[in-house]
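First the structure, in the form of structure tokens, and then the observations on it.
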Amino acid sequence: MPVPPTLPTDTVSGLYREHGTWLQGWLRRKLGCVWEAADLTQDTFVRVLASPAAGRQLEELREPRHFLVTVARRVVVDHLRRRALEKAWLEEMARWPEPVAHSPETRALILETLFEIDAMLDGLGARPRQAFLLSQLEGLGYAEIAGRLEVSVSSVKKYMARATEHCLLLMLEAPR
């Protein structure tokens, strides 16, 4: 992953040298796994490096451990969501008949697509996300979605408009 040109990498490396071991210990205590803690420590610093605002944040940093814990918590949440999504998909896939089973490469591509969709829908509220998923994954019409969510059809229309707009905006912002 390329480093933005304005990012003071010496500041990040200093932050890593001074607090990387501490952060890994903090994550190990939270997660109970030394290997997962090591991976997520690296992911935390990669996220700091990749952040366009990191340069500004690091220059004004007074509480480096608090900053790192905040970033690490977000990384952990993303990690746990990905793991839960992967588990649910693998459980569903196990129910499929053998001829439908996919190669490891296809499974990896499907999982990556699911992670991207999950990330896209993360910015939506619960109701618009539910309405969108019921429509797209279960093929329900607006009246059926309204019944499931116990809301009006006009609310479902608003949820779907919000979800569609949200996804389109994210697609337009995505690098090509």
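The values are calculated or read from the model by the stated rules, or taken from the named source; none is laboratory data. Every value quoted in this text rests on a predicted model; they were computed, and no experiment measured them. Cβ atoms come from the backbone with ideal geometry, glycine included; neighbour counts cover every protein chain shown.
Is it fair to say Leu58 is touching a helix residue (DSSP H, G or I) at 6+ places or on another chain (Cβ under 8 Å) and modelled with pLDDT of 85 or more? When the stated conditions are applied, Leu58 does not pass them.
Being surrounded by 12 or more Cβ atoms within 10 Å (Cβ to Cβ), among the hydrophobic types (A, V, I, L, M, F, W, C), modelled with pLDDT of 80 or more and closer than 17 Å to Leu90 by Cα is a description that applies to Ile110. If you filter the stretch 117-165 down to residues that are assigned to a helix (DSSP H, G or I) and either β-branched (Val, Ile, Thr) or in contact with a Gly (Cβ under 6 Å, 6 or more places away or on another chain) (or both), you find that the one that is modelled with the lowest pLDDT is Ile117. Restricting attention to the stretch 62-92, the residues being among the acidic types (Asp, Glu) and surrounded by 12 or more Cβ atoms within 10 Å (Cβ to Cβ) number 2. The condition of being within 24 Å of Met160 (Cβ to Cβ) and of a type outside the set (S, T, N, Q) holds for only one of Ala108, Ala94, Ala131, that being Ala131. Here are the criteria: (1) at pLDDT 80 or above; (2) surrounded by fewer than 13 Cβ atoms within 10 Å (Cβ to Cβ); (3) of a type outside the set (Val, Ile, Thr); (4) over 30 Å from Leu133 (Cα atoms). Tell me which single one Glu36 does not satisfy. Here Glu36 clears every test but (2).
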